[in-house]
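Chemist: Sending over a structure as structure tokens; questions will come in a sec.
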Amino acid sequence: MSFNYEEDFNRINFREKPEKYRVGRGEQGVLMVEPYKSEILPYWRFKTPDIARESSGQIYELFLEYKKQKDFVGMDMARKFLQMGYTRSRRYANYKGGKKYDKDGNVNERQINEEKAESARIFEEKWIKAREDETYLSWKKDHQQKYG
């Protein structure tokens, strides 16, 4: 079962009802699932490599804390924020102002920003660590078998 955008996310506390959570693909639902969004979002920054290093480190620490609490949904949400840090900083690295398309819908020419590319590399490193964590992978498989 894929991520269900039809759920009334404003009424669900996914910590209390983890059975309602669907892993989804990539970053699906990252800005909808509470209370995790509110816990992780304040740390999510990537403007410079120093900021990205601090941000990805804080989010990865949350990932480990959720792991300690045996909270798979929290782990998955932290993983999604790390992935989103990578993808968004990559977008800003490739396109001035992060704008991939012009006003007519055509793809803008890439203009590589090395500072943003470094931010992307920093997030990517933590994202890979999270997504390859053996406990995370085991709990993800269990969650998907139980709940879809």
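The values are calculated or read from the model by the stated rules, or taken from the named source; none is laboratory data. No experiment lies behind these values; they were computed from the predicted model shown. Because the Cβ atoms are built from the backbone with ideal geometry, glycine has one as well, and the counts that use them run over all protein chains shown.
Chemist: Confirm whether GLY57 is assigned to a loop (DSSP other than H, G, I, E, B) and either in contact (Cβ under 8 Å) with a residue 12 or more places away in the chain or closer than 22 Å to LYS141 by Cα (or both).
Modeler: So GLY57 fails the test.
Chemist: Can we say GLN28 is touching a residue at least 24 places away in the same chain (Cβ under 8 Å) and surrounded by 15 or more Cβ atoms within 10 Å (Cβ to Cβ)?
Modeler: yes
Chemist: Just for the stretch 95-133: of the residues that are among the acidic types (Asp, Glu) and either more than 18 Å from the chain's Cα centre (by Cα) or at pLDDT below 90 (or both), which one is surrounded by the fewest Cβ atoms within 10 Å (Cβ to Cβ)?
Modeler: Step by step, filter the stretch 95-133, then rank; the result is ASP104.
Chemist: Something else now. Given the conditions (1) out of contact with any helix residue (DSSP H, G or I) (no Cβ under 8 Å at 6 or more places or on another chain); (2) more than 16 Å from GLN144 (Cα to Cα); (3) surrounded by fewer than 16 Cβ atoms within 10 Å (Cβ to Cβ), which single one is not true for LYS47?
Modeler: For LYS47, the exception is condition (1).
Chemist: Can you tell me which of TYR92, TYR136, TYR86 is at pLDDT below 95 and either within 23 Å of GLN28 (Cβ to Cβ) or assigned to a strand (DSSP E or B) (or both)?
Modeler: Criteria check complete, one pass: TYR92.
Chemist: Do you know which residues across the stretch 53-88 are among the hydrophobic types (A, V, I, L, M, F, W, C) and either under 14 Å from the mean Cα position of the chain (by Cα) or crowded, with 18+ Cβ neighbours inside 10 Å (or both)?
Modeler: ILE59, LEU62, PHE63, PHE72, VAL73, MET75, MET77, ALA78, PHE81, LEU82, MET84
Chemist: Of all residues in the stretch 95-106, how many are under 24 Å from ARG25 (Cα atoms) and not in a loop (DSSP other than H, G, I, E, B)?
Modeler: 2
Chemist: Inspect all residues belonging to the stretch 23-34 and state whether any of them is in a helix (DSSP H, G or I) and within 13 Å of the chain's Cα centre (by Cα).
Modeler: Within the stretch 23-34, not a single residue is in a helix (DSSP H, G or I) and within 13 Å of the chain's Cα centre (by Cα).
Chemist: For PRO42, only one of the following conditions fails: (1) within 12 Å of the chain's Cα centre (by Cα); (2) not in a loop (DSSP other than H, G, I, E, B). What is its number?
Modeler: In the conditions (1) within 12 Å of the chain's Cα centre (by Cα); (2) not in a loop (DSSP other than H, G, I, E, B), PRO42 misses (1) alone.
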